[in-house]
1. Just one of [x] 27.2; [y] 31.7; [z] 25.6 is Kirkwood radius over Cα pairs in Å as worked out from the coordinates here. Which one is it?
2. Let me have the 222 nm mean residue ellipticity of the chain computed from DSSP H runs of 4+ only, each contributing -39500 (n - 2.57), with the sum over all residues rounded to the nearest 500.
3. What are the residues whose amide H is under 5 Å from the amide H of S546, where those residues sit 5 or more places off or on another chain and H is modelled from the backbone?
4. If you take the beta carbon distance between E350 and L183 as r and set R0 to 45 Å, what does 1/(1 + (r/R0)^6) give as a FRET efficiency, to the nearest 0.05?
5. By a straight-distance test (C-alpha under 20 Å), which lysines pair with K523 as possible cross-link partners, with residues fewer than eight away in the same chain excluded?
6. Check Q263: other-chain or 5+ apart residues with amide H under 5 Å from its amide H, H built from backbone geometry?
7. How far apart, in nm, are the 7 Å Cα→Cβ label points at T623 and N219?
8. Which value, in Å² and to the nearest 10, is the accessible area of T228 when all protein chains are kept and the probe is 1.4 Å?
Amino acid sequence: MLDYIRSNAQSFGVKLAFGIIILVFVFWGVGSLNEGDTVNLVATVNGDAITARDFEIAYRRAEEAVLRQNPGLGREQFKQELGRQVLRGLVEQVLLKKVAADAGLAVTPLELRAAVGQIKAFQNEQGQFDPATYQRLLEAQHMSPAQYESEMNDELLRQKMYDLITAAAWTSPDASRNRYDFLREKRSVDYLFVPASQFKDISKPADDTVENYYKAHINDFSIPAKVTIAYIRVAPEDLVKPDSISEADARAWYAANLARFSQEEQVKARHILVPLAEDASEADVKKAQEQATIIVSELTNGKKFSEVADAHNGPNAAGPGGELGWLKRGMTVEPFEKTAFALEPGKISEPVRSRFGLHIIQVEEKRAAGTKPFADAAAEVRAAMAQEQGTDKLSDVLDTLIEDNILGKQLDKSAQKLGLGLAEIGPVSAVELAAKLGIKPDDAEALLNTPADSPMDRALEAGDAYIVARVLKNVPASVEQLEAVKNTIIDRLQNEKALDAAMRAAVERRKSLADGVISPTLKVSLGIRSAAPMERSGSLAEFAPSLELSSAVFGASVGQWLPEPFAVTDAKEGSGAVLVHVDAVLPPDNSEWEAIKAIMAGAAQRERADGLFAVFMQRLFSTATVEVRNMDIVDRKGL
């Protein structure tokens, strides 16, 4: 809900057509609706009417948005839930309008005109509002200017309400830093590993033990049902080829979308960073300058910039070779930006100080501000046109393929007729099907449960593409016989027994380990290993991640051995028991914090504001009287 508010504040013109379907899940309870039966009314909100006409306009727009985003989706699949979402949005709209009126808030014609004029989609290449473009784009959305401006007025009013309600939101300056420190803190740890292989019993378990294990774990040996399907993958880029678009059409599209090809001045740069705090002492500054001088000397003597950067940069300073990519003005700190944009391509700067430290910068390329010429943009233009035209054709193509599939026509001929290909996959399980085709798990299960020689009566979403499928063969689920898995069970039982022995041995070993600092000599004598610093969500050494182990490490004090061993698995050493000692707490990288502190502070402030607005909406809905007069319209019954 609040993501919706923020996105509309930034890009209302793009989001408006889709706004209705995103409204107020979180602030509404269906149980608060009282049902009546007036033909021309869908609902009343504190006595104010939501008419059938209001609802139908909002529903049609929301439905168009859903179908545009999901061309293979059938209307029956979402109409009831969508109807209730639309109603919730309209109820919220009525409530907010009433509160705004009571507070004396309104959107003036001047504010509305200015907001419309600032939307880039409605501007010409000079950045000025273009009435003809405005009219054309609204017609494409099946909207009149009056409708659009009315809805935009509502959204601007919503934003005013949001700003008013959240104006008092405040977060402590320390809140974002405390969160960052918590998330990015690391622990230096030592550990003792007791491998289970030391205790593996060479004697085999008795046959009755193996049989009992098989019966108790029969599900472990089940073979899932599998299916073989023939399918056609349909994506917009497959329907229209960029090289099929004529130069004349491409030039016309380029001219109509010239604003898309405007580019700011940019530089492609690399840098080497010598970290230095803003409040560094004179001694630290001198040391950093000496280090920078050494680096400059290496570059002057002919070493490649990328090699020197990799040798000197820290893990968060830049990409490989010091690469920073293309930079626009405003993306970096001022001293860095001023120097980088003044450098000629191929040149290397003297050390430049910013709040992060000393930068040695190399500019590789430059792009002047202006509009990209058609010759340079032609491939991009044709690709964008092909994507647009392919998207426009997508629904019709899918409808044709689904119809052919239902009628039992040969899919290879249907695909060939549309310039597409037919593929086959199987026998595969539902999990494999979802992974290989990129379809949703529920859709994979639906295919699995479809009889052989049967079509799916809808297209299946597969990322940015769609799948039209026909089931060719089903293989029912089964269970492996005991004889086939007997050796596996024996090995499993022996491993379990060995791991139990390793855990018992580790418990005994723990009794002799004292908390405190461990000397290097003691580490060697006891076989204690040191691991790379652990992150809160990371793993210990090469062992498989364990949330329980990680939580225990970050809950322990420095110098403490964890009281109990943990069962772990390593790809090389196998399973075993590990005893862990917390050696030190490592604070987060301050330079990383400096780079993202504004983002973290903004996120904390937005969360606080969102929370205030959520409380306001909950109270608003809890005191509202909402009567649904025609639930059949909302649930689309008989429609």
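1. Checked against the structure: label [y].
2. -15500 deg cm²/dmol
3. Distant-sequence amide H within range of S546: L540.
4. 0.75
5. Once the sequence-local lysines are set aside, what remains near K523 is K511.
6. Residues meeting the amide H criterion: G370, T371, K372.
7. Spacing of the two 7 Å Cα→Cβ label points: 5.1 nm.
8. T228 has an accessible surface of roughly 10 Å² with all protein chains in place.
The values are calculated or read from the model by the stated rules, or taken from the named source; none is laboratory data. From a predicted model like this one, the values you see are computed outputs, not experimental measurements. Glycine also receives a Cβ, built like all others from the backbone with ideal geometry; neighbour counts cover every protein chain displayed. With ligands, DNA and RNA removed, areas are computed over all heavy atoms of the protein, side chains included. Shrake-Rupley method; radii C 1.70, N 1.55, O 1.52, S 1.80 Å.
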